[in-house]
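Participant: The structure is given below, and queries will be raised subsequently.
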Amino acid sequence: MPKNKIPTTLDEAVGQLMAQMTEADKRTYRKGPEDDAGALLHHGPGTAMRNAWGLWHGKTALSKWLRSKRIWHGDDASCTIYRALWRRLHGLPIDDAWLAEQAASYEKFWRQSGLTWDMQPIAGHEEPKSRTIFVKRT
């Protein structure tokens, strides 16, 4: 969980997280695939990060910076930060092209949910059919 000041950029956010990790933490986090990096810490540490760093409301410098990259939703922001941490631990680039790919994947998800990348409703979008399963108990 972030304990320092709120970072202003993705690079600062990843730096703070790395500074708090032991070498054993880094080895463990490095083992999983990149696609799981954001989900692995989504609950617990991810929730704490989203709240402490103001990733929900767009008023902190970090949240504004991520929104400037079209990463708007708090869950998307924390996922991006954790994936960037994974990439840093693997020596992979965290550049504008990678950020654009992240934003595009989130945009696709939100569009399917009837929202634009900045969480505005898409006019005329139909609500998806419910996937609720009813179980009859006997």
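The values are calculated or read from the model by the stated rules, or taken from the named source; none is laboratory data. The shown structure was predicted, so the numbers you read here are calculated from the model rather than taken from an experiment. Note that we place each Cβ from the backbone using ideal geometry, even for glycine, and neighbour counts take in every protein chain shown. To get the accessible areas, we keep the full protein, side chains included, count just its heavy atoms, and leave off ligands, DNA and RNA. Shrake-Rupley method; radii C 1.70, N 1.55, O 1.52, S 1.80 Å.
Participant: Hey, does the range 56-74 have a residue that's in contact (Cβ under 8 Å) with a residue 12 or more places away in the chain, small (Gly, Ala, Ser) and either more than 24 Å from GLN120 (Cβ to Cβ) or in contact with a strand residue (DSSP E or B) (Cβ under 7 Å, 6 or more places away or on another chain) (or both)? Quick ask: steps written out before the conclusion?
Facilitator: Restricting attention to the range 56-74, the residues satisfying the condition of being in contact (Cβ under 8 Å) with a residue 12 or more places away in the chain are 56, 58, 60-63, 65-67, 69-74.
Then drop every residue that is not small (Gly, Ala, Ser), which leaves 58, 61, 63, 74.
Going one step further and asking which of them are either more than 24 Å from GLN120 (Cβ to Cβ) or in contact with a strand residue (DSSP E or B) (Cβ under 7 Å, 6 or more places away or on another chain) (or both), we end up with none.
Looking for residues that are in contact (Cβ under 8 Å) with a residue 12 or more places away in the chain, small (Gly, Ala, Ser) and either more than 24 Å from GLN120 (Cβ to Cβ) or in contact with a strand residue (DSSP E or B) (Cβ under 7 Å, 6 or more places away or on another chain) (or both), one finds none in the range 56-74, hence no.
Participant: Right, another one. Considering only residues that are touching a helix residue (DSSP H, G or I) at 6+ places or on another chain (Cβ under 9 Å) and either assigned to a helix (DSSP H, G or I) or open to solvent by less than 30 Å² (accessible area, probe 1.4 Å) (or both), which ones fall in the range 33-50?
Facilitator: Scanning the range 33-50 gives GLU34, ASP35, ASP36, ALA37, GLY38, ALA39, LEU40, PRO45, GLY46, THR47, MET49, ARG50.
Participant: Only residues in the range 80-108 that are closer than 25 Å to THR22 by Cβ count as the first member; pair them with residues that are in a helix (DSSP H, G or I) and polar (S, T, N, Q), Cβ under 8 angstrom, at least 6 apart or cross-chain, and list the lot.
Facilitator: Short answer, once both residue conditions are applied: THR80/GLN102; ARG83/GLN102.
Participant: Since LYS5 meets every condition but one in (1) in contact with a Ser or Thr (Cβ under 9 Å, 6 or more places away or on another chain); (2) over 19 Å from ASP118 (Cβ atoms); (3) part of a loop (DSSP other than H, G, I, E, B); (4) not acidic (Asp, Glu), which condition does it not meet?
Facilitator: Exception for LYS5: condition (1).
Participant: To continue, here is another question. Find the residue count for the range 61-81, including only residues that are open to solvent by less than 10 Å² (accessible area, probe 1.4 Å) and assigned to a helix (DSSP H, G or I).
Facilitator: Step one: filter the range 61-81 for residues open to solvent by less than 10 Å² (accessible area, probe 1.4 Å), giving 62-63, 66, 71, 74, 77-78, 80-81.
When the remaining residues are screened for being assigned to a helix (DSSP H, G or I), the result is 62-63, 66, 74, 77-78, 80-81.
Selection size over the range 61-81: 8.
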